[in-house]
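Q: Structure below; questions to follow.
The values are calculated or read from the model by the stated rules, or taken from the named source; none is laboratory data. All values reported here derive from a predicted model rather than from experimental measurement. Here Cβ is always computed from backbone atoms with ideal geometry, including for glycine, and neighbour counts include all displayed protein chains. Note: areas computed on protein heavy atoms with side chains; ligands, DNA, RNA excluded. Shrake-Rupley method; radii C 1.70, N 1.55, O 1.52, S 1.80 Å.
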Amino acid sequence: MEPAVHRLTVVVPQPPAVWERLESELAAGGSPPISMTRAGSTVTFVADTGEFMLRARVADALMTACDHGEWRRCFAPED
């Protein structure tokens, strides 16, 4: 199985503290690990899991890092 990939566009620039919390939440999220890379206004998440599970785990981490509903105003899915 190929790794699942989920891309988000950063609609509202985020302070470093949000990125640090997001990385921390992803690291604490368990197995399989989720990698996160940022390039310009795109954030890419990759994990050896199903696409639905990756999206759910990323959304959960974003809810914690950005406050419950704020992440939906700050990020938009690319895929």
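Q: Restricting attention to the range 57-64, does a residue exist that is more than 11 Å from A4 (Cα to Cα), out of contact with any His (no Cβ under 8 Å at 6 or more places or on another chain), touching a residue at least 40 places away in the same chain (Cβ under 8 Å) and not in a loop (DSSP other than H, G, I, E, B)?
A: yes
Q: Mind checking which pairs have a first residue in the range 16-42 that is closer than 16 Å to A65 by Cβ and without any contact (Cβ under 8 Å) to a residue 60 or more places away in the chain and a second that is of a type in the set (K, R) and open to solvent by 80 Å² or more (accessible area, probe 1.4 Å), Cβ under 8 Å, 6 or more apart or different chains?
A: W19/R38
Q: Which one of these is open to solvent by 50 Å² or more (accessible area, probe 1.4 Å) and of a type in the set (A, V, I, L, M, F, W, C): A39, A56?
A: Within the list A39, A56, the selection yields A39.
Q: On to the next question. Go through the range 9-36 residue by residue and tally those that are among the small types (G, A, S) and open to solvent by 50 Å² or more (accessible area, probe 1.4 Å).
A: 5
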